[in-house]
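What follows is a short report on a single structure.
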Amino acid sequence: MEKVFITGAGGFIGKPTIEAALKNPDWEVHALLSRRHASNFPSEVHIHTADLADPCACEYVMRQAAPDILIHLAWATTEDDYADAVSNLMWIENSLRLLRMFFRHGGRRFVFCGSSTEYGRPARQNAENLTAIQRSVYGESKLAFENVCRTYCAKANHEFVSARCFTVYGENDARIFPAIPAAIQAFGKGERFTCKSPRNVWDFIYVDDAAEALVKIAASNYCGVVNVGSGRPHLLENVFTEIAEKMRCPELLSFEAHNSDVSMLVADTTILNETIGYTCRTDISDGLDRTIAWWKAQNFRPKRRQ
């Protein structure tokens, strides 16, 4: 059996990725957590606790686990971290050290969870070879890590793949792109919500689909960049109108008009669909139903971060 090691395992995408990885009978699944909450995982998951900013702790875990495949999900997770240059620089440093230790201890394949923000804001469909314009600090940092690793791994004959995830939504939604959970929470409390940039077009992917795609990518032989998205364009105005209608409160939704800077962020999923062999299973209507149901179960209050 191959050992698969997942960082950020307790996070928004990490938990469903663990669940998807457990379905592979040829894998022994290891999870890295920054705190001890192992009870959240099935007993067959091998739990490791370490701070990736601690070189000694990271070295110890890599030596003990000696994984064959590493799926690296851990990175800045809050809106403040997303925009902060120091935080993102720290994550570049932590991730480069992790990659070196992984291969030094016999690792075979490193899967990095990148982001659609690496493309910047081009107003057309995003292909993996597209040159970006105007990136965020977060997107620039992820791209910098990706570029260094691709060059290094190609020269060292290591397997490296960057899975650029587009806008992921679902239960226990991440705080980097909080618009969908913010709208659901507002409507659930009877409060108004304003959709900014309603004419923008985004690619939304349900969190379980994103997790399954990452696991399929990890199990493949493909190296390079691959988009993780639905490949379907969604006008923001329509998405938030659908949320309001599903929650029976269209009167609480308003839109902030913008006459310029309309952007389109949609994945070209040719590699994901044809080379990796994965196509998203959840359409946005079903995904929104499941997301709304989860927030209702939380009484529209954010779950405490673990």
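The values are calculated or read from the model by the stated rules, or taken from the named source; none is laboratory data. As the structure is a computational prediction, the values presented were derived from the model and not from experiment. Counting neighbours? That spans all protein chains shown, and the Cβs are built from the backbone with ideal geometry, glycine included. Surface areas here come from the heavy atoms of the whole protein model, side chains and all, with no ligands, DNA or RNA. Shrake-Rupley method; radii C 1.70, N 1.55, O 1.52, S 1.80 Å.
The amide H of Leu265, built 1.01 Å from its N in the peptide plane, has Val201, Trp202, Asp203 as neighbours under 5 Å, considering only residues 5 or more places off or on other chains.
Computed about its Cα centre, the charge dipole of segment 160-247 is approximately 260 debye, with only Lys, Arg, Asp and Glu carrying charge at their Cβ. Two decimals is fine: what is log10 I(q)/I(0) at q = 0.13, 0.14, 0.24, 0.33 Å⁻¹ for segment 166-211, from a Debye sum with one equal scatterer on every Cα and no solvent? Summing over Cα pairs of segment 166-211 leads to -0.32, -0.37, -0.96, -1.21. Principal-axis analysis of the Cα atoms of the chain puts helix 179-188 at an angle of about 50° to the longest axis.
In this rough spin-label picture, where each label sits 7 Å from Cα along the Cβ direction, the Thr241-Glu274 distance is 3.4 nm. Over the chain, dividing the summed -39,500 (n - 2.57) contributions of all DSSP H runs of at least 4 residues by the number of residues returns a 222 nm mean residue ellipticity of -11500 deg cm²/dmol. On the beta carbon distance between Ser263 and Val86, with R0 = 25 Å, the FRET formula returns roughly 0.40. Comparing Ala293, Thr270, Asn238 along the charge dipole axis of segment 224-295, the residue lying farthest to the positive side is Ala293, per the Cβ-charge model. Taking θ as phi - 60° and the Karplus parameters 6.51, -1.76 and 1.60, the scalar couplings of segment 2-14 work out to 8, 8, 10, 10, 10, 8, x, 5, x, x, 3, 8, x Hz in sequence order, x denoting glycine and proline.
Overall, the chain carries a charge dipole of about 440 debye about its Cα centre when +1 sits on the Cβ of Lys and Arg and -1 on the Cβ of Asp and Glu, all other atoms neutral.
Apolar share of the accessible surface for the chain: 48 percent from carbon plus sulfur atoms, 1.4 Å probe. Amide H contacts of Glu159 (H built 1.01 Å from N, in plane; Pro and chain starts excluded): Phe110 sit under 5 Å, all sequence-distant by 5 or more or on other chains. Among the listed values (1) 0.96; (2) 1.63; (3) 1.02, the one matching Rg/Rh (Cα atoms, Kirkwood Rh) as calculated from this structure is (1). Protein-only accessible surface at a 1.4 angstrom probe places the residues Leu33, Leu89 in the order Leu89, Leu33, largest first. Residues Met62, Met90, Met1 ordered from highest to lowest accessible area at a 1.4 Å probe: Met1, Met90, Met62. Close amide H pairs (under 5 Å, H built 1.01 Å from N) link Trp75 with no residue at least 5 positions away or on another chain. By the rule of a C-alpha distance below 18 Å, with chain neighbours fewer than 8 residues away ignored, the lysines paired with Lys216 are Lys3, Lys15, Lys23.
Computed from backbone phi with θ = phi - 60° and the Karplus coefficients 6.51, -1.76 and 1.60, the 3J(HN,Hα) list for segment 84-97 is 8, 5, 5, 4, 5, 5, 4, 6, 4, 4, 4, 6, 5, 5 Hz; x is used for glycine and proline.
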